[in-house]
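What follows is a short report on a single structure.
The values are calculated or read from the model by the stated rules, or taken from the named source; none is laboratory data. All values derive from a computational prediction rather than experimental measurement. Here the Cβ positions follow ideal geometry from the backbone for every residue, glycine too, while neighbour counts run over all protein chains shown.
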Amino acid sequence: MTVAPSTVVVIDDDPALREALGGLLRSIGLHVRLLSSVAEFLQSPQTSGPACLVLDVRLPGRSGLDFQSDLAAANVHLPIIFITGHGDIPMSVQAMKGGAIEFLTKPFRDQVLLDAVHLGLARDAARLEDAQAMTALRERYDALTPREREVMALVATGRLNKQIAGDLGVSEITVKVHRAQVMRKMKAASLPDLARMADKLKLTLESAQSR
């Protein structure tokens, strides 16, 4: 699986601070995009690789906290590091409850920001890898025949070949052939491995038969 380069998106309406943060992040080899508002972010091309937001709380138009809520409502899971010169406890509580990585009050130490950025990028990379793995798993499952899907659903519950043959009204030899094909096509190393795949797919006999 290949993952595109990481990007840190800084959204702050203070040009001097934007440039200072951009220089700091670039100094450790990170790709950076500097923006002045949420509107500018929404109009710009989205990143394909791991990303995190360094987001000012107070911005023209939509505030940073408003944008955090917008992203959550849209089921977009970008790690966010809030920065503010006017923070208070209710703001920080709201940000952290919303899943923010960190809530930093200006001025903050460079290393504290860098540590938070590294954590955010690592989390987003893991999320993207999980999403890629799930897409590949679904593609393998979609390549199964209808009968193989039924056999997979039953094998994953721990039923024996003889029991599956009775459930489906086929011979035990037929079940063994389908089971071997399922293991090969799903790239399952063992029955517990296949069961984990079925669990990730939320697979049941009823769902297998409805496809």
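A count restricted to region 153-208 and to residues that are of a type outside the set (A, V, I, L, M), within 23 Å of residue 137 (Cβ to Cβ) and in a helix (DSSP H, G or I) stands at 12.
What residue, among those in region 39-73 that are polar (S, T, N, Q) and surrounded by 13 or more Cβ atoms within 10 Å (Cβ to Cβ), is modelled with the lowest pLDDT? Among those that are polar (S, T, N, Q) and surrounded by 13 or more Cβ atoms within 10 Å (Cβ to Cβ), it is 47. Scanning region 23-45 for residues that are within 25 Å of the chain's Cα centre (by Cα) and assigned to a helix (DSSP H, G or I) turns up 25, 26, 38, 39, 40, 41, 42, 43. Does residue 110 qualify as being in contact (Cβ under 8 Å) with a residue 60 or more places away in the chain and more than 19 Å from the chain's Cα centre (by Cα)? Yes, satisfied.
Residue check: is residue 148 assigned to a helix (DSSP H, G or I) and outside the structural domain of residue 49 (by TED's automatic domain parsing)? Yes: the conditions hold for residue 148.
For region 99-117, name all the residues that are in a helix (DSSP H, G or I) and surrounded by 15 or more Cβ atoms within 10 Å (Cβ to Cβ). Scanning region 99-117 gives 113, 114, 116, 117. Among the residues here, residue 115 qualifies as at pLDDT 95 or above, under 17 Å from residue 24 (Cβ atoms), of a type outside the set (S, T, N, Q) and assigned by TED's automatic domain parsing to the domain that holds residue 58. Of the residues making up region 79-98, one or more are of a type outside the set (Gly, Ala, Ser), crowded, with 20+ Cβ neighbours inside 10 Å and assigned to a loop (DSSP other than H, G, I, E, B). A Cβ distance below 7 Å, combined with a sequence gap of six or more or placement on separate chains, defines the contacts here; from region 119-145, residues that are within 15 Å of residue 198 (Cβ to Cβ) reach no residue that is surrounded by fewer than 12 Cβ atoms within 10 Å (Cβ to Cβ) and among the small types (Gly, Ala, Ser). Residues of region 1-22 that are out of contact with any Pro (no Cβ under 9 Å at 6 or more places or on another chain) and part of a loop (DSSP other than H, G, I, E, B): 1, 2, 12, 14.
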